[in-house]
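Below is one structure, written out as structure tokens; the observations come after it.
Values quoted throughout were computed directly from the atomic coordinates according to the rules given, and no laboratory measurement underlies them. What you are looking at is a predicted structure, and each value in this text was computed from that prediction instead of being measured.
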């Protein structure tokens, strides 16, 4: 494992333990070159996943990008980070177990919307504003009205 501080190629594992949800192994490492310590996470990956964008462009599925998007939508909300981590893991697992190596961005966005709807209505609306490309205040008003309808059923 390459050191993030000095780019030395060798590091020694000092400690390994499973994460809280058991979906990954957390490893503390020490660089053989500069002695700095850093943490890595090892996760099971069933297959290489590709996201097909709406214009047809393909890019590798990036778990960290998904997690950053969720964190932005949930910024300043009282949501436990471990719940976001579980949501990201559940979405990734759902994609991997679908049997397909490619997933459309629309399908992925729908999975995120479903997860956020169950988690927090404000985060759900924030994510939808980007995902559905709201262009004016009326878009927010209409969408928020539909969310209110969902919550009252």
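If I take all pairs of Cα atoms in the chain, what percentage of them are more than 28 Å from each other? Looking at the chain, the distances longer than 28 Å represent 36 percent of pairs. Apply the a/c threshold of 1.5 to the C-alpha gyration tensor of segment 42-110 and tell me whether it is rounded, prolate or oblate. It comes out oblate by the Cα gyration axes.
The sum of -39500 (n - 2.57) across all DSSP H runs of n ≥ 4, divided by the residue count of the chain, sets its helix-only mean residue ellipticity at 222 nm to -14500 deg cm²/dmol.
As I understand it, the value is the acute angle between the Cα axis of helix 63-73 and the longest principal axis of the Cα atoms of the chain; what does it come to in degrees, rounded to 10? Result, in degrees: 50. Could you grab the relative contact order for segment 50-152? Cα pairs under 8 Å, six or more apart, rounded to a whole percent. Computed value for segment 50-152: 29 percent relative contact order. Compute the angle between helix 105-119 and the longest alpha-carbon principal axis of the chain, please, reported from 0 to 90 degrees and rounded to the nearest 10. Compared with the principal axis, the helix lies near 80 degrees.
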